[in-house]
1. Return the residues of the range 271-295 that are outside any helix (DSSP H, G or I), more than 19 Å from the chain's Cα centre (by Cα) and surrounded by fewer than 17 Cβ atoms within 10 Å (Cβ to Cβ); say none if nothing qualifies.
2. Could you count how many residues in the range 61-98 are under 18 Å from the mean Cα position of the chain (by Cα), more than 26 Å from residue 419 (Cα to Cα) and buried (at least 16 other Cβ atoms within 10 Å of the Cβ)?
3. From the list 507, 472, 511, pick out the single residue that is buried (at least 16 other Cβ atoms within 10 Å of the Cβ) and under 19 Å from residue 409 (Cβ atoms).
4. Here are some conditions: (1) closer than 30 Å to residue 72 by Cα; (2) surrounded by fewer than 18 Cβ atoms within 10 Å (Cβ to Cβ); (3) modelled with pLDDT of 90 or more. Residue 249 meets all but one. Which one does it not meet?
5. Tell me whether the range 261-276 contains one or more residues that are outside the structural domain of residue 436 (by TED's automatic domain parsing) and under 25 Å from residue 437 (Cα atoms).
6. Give 450, 433 a once-over and let me know the one that is within 27 Å of the chain's Cα centre (by Cα), at pLDDT 90 or above and buried (at least 19 other Cβ atoms within 10 Å of the Cβ).
7. Does the range 119-134 contain any residue that is at pLDDT 75 or above, buried (at least 20 other Cβ atoms within 10 Å of the Cβ) and either more than 27 Å from residue 254 (Cβ to Cβ) or in contact with a strand residue (DSSP E or B) (Cβ under 8 Å, 6 or more places away or on another chain) (or both)?
8. Any idea which of 505, 474 is outside the structural domain of residue 331 (by TED's automatic domain parsing) and assigned to a loop (DSSP other than H, G, I, E, B)?
């Protein structure tokens, strides 16, 4: 009888593991059934959504662009056609759409002033799209004419110097059961943009109209390593944090600064006043963020509500509204719309910054300080002493009476500053409201004729956004609803009314008739004023008016005698 020694238990266990591995590999060799992942895949629709709402892309000079818009409107410059060359990046390390940033900056400087219109024509075949292809076809068939620009932008991202400053530090400790390590690094790079303004007619760059600026982009990081042993086991931790200041935001800052410089020099306006705003301070947004995070949610809400009341978005009330109040959300949405932000109706940081940014100034030491931020809850925000804000810009304190709805009207003819026209000469006007409103405009003549210009059959919607000039007539439309020209000799004018809601049904029957036809029972602008006052009350609307004189046409010059 032969005796066979028993197999070790470990070998038997290894055989079981080997068999399991073979089965697993065989299963992996079989094709997977995608239907079994149906429930897992169904979550992709939700997981693909971003976690944060989009916000308006802003820079330190966003308020400066709005300031330039107001300054250009006050200067009454005629509309200028402008275009731009591609802005190359000779460093090859700044993949940003610099040309489109220029277009955006020009657009923001033309919201109310209509100072610039961009000629969108692309020559490079690789960059042409459907619109450009159709444009080329129509141009070749003489079915479309392009107006020649007056100005063009030229320039380049001239250099990017990386690691101009670089610092690195490491240290660590070692023991029998514990090892530690710490590291820190910092780097600074310089990026530069050079822009020029040229005369399109001669394709020459205008001397003195240049801008050369650079900005620092910083990166940094620090890390901590811990390693140790507990008995026969090892434990290791690594903690680190880093920051990188983005190239895109830095380039937008350079583009907006350069555009303000070039436009200001070309228009000969004191553009530096817009560059010295407190909102252009490099630390403005960071400081506002610190103030946003230091207070309770109800404190932030109460402060913003005071600002909304003062600007007319909310009625004055004794107690702040709850955060999720429908009335507050609607007011926030209207405020956000007027400021060019996504209308979420939520009190987020961009809304907080826009609402309270006007109540920040520089103190005597040059630091940003809160002005007029009164205590609003059990956790009051500190108010700086009067001595600290003596040199700051004068700001109306929060909690002041509501700001009335304003309309800014202007004659937009090429020869600005006119208050007299010849009979038959076309007249171009614009009206800009301070808050999103419903706009009603009437033309009157001294001989007793009154007619409604807008809304009308072509533009039946009377709603207009804030901060964008409404054109009377719409001279950029190929088929405007009407043409405004000087009638008979005498005085003429246009009066406009801005309301919170659509009020046509509340007006007297005479004012609800068809547009662009004389109103039989209304003979003067004062009669229109009385009708709006009786229907809405003296505080229920904003009003503005323009008037001019119409002279008889000049006699034609006699022809010179022939010899």
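1. Result: 276, 283.
2. 8
3. 472
4. Tallying (1) closer than 30 Å to residue 72 by Cα; (2) surrounded by fewer than 18 Cβ atoms within 10 Å (Cβ to Cβ); (3) modelled with pLDDT of 90 or more, residue 249 fails exactly one: (3).
5. No, the range 261-276 contains no residue that is outside the structural domain of residue 436 (by TED's automatic domain parsing) and under 25 Å from residue 437 (Cα atoms).
6. None of the other options fit; the residue is 433.
7. There is no residue in the range 119-134 that is at pLDDT 75 or above, buried (at least 20 other Cβ atoms within 10 Å of the Cβ) and either more than 27 Å from residue 254 (Cβ to Cβ) or in contact with a strand residue (DSSP E or B) (Cβ under 8 Å, 6 or more places away or on another chain) (or both).
8. 474
The values are calculated or read from the model by the stated rules, or taken from the named source; none is laboratory data. Please read all numbers here as calculations on a predicted model, not as lab measurements. Glycine also receives a Cβ, built like all others from the backbone with ideal geometry; neighbour counts cover every protein chain displayed.
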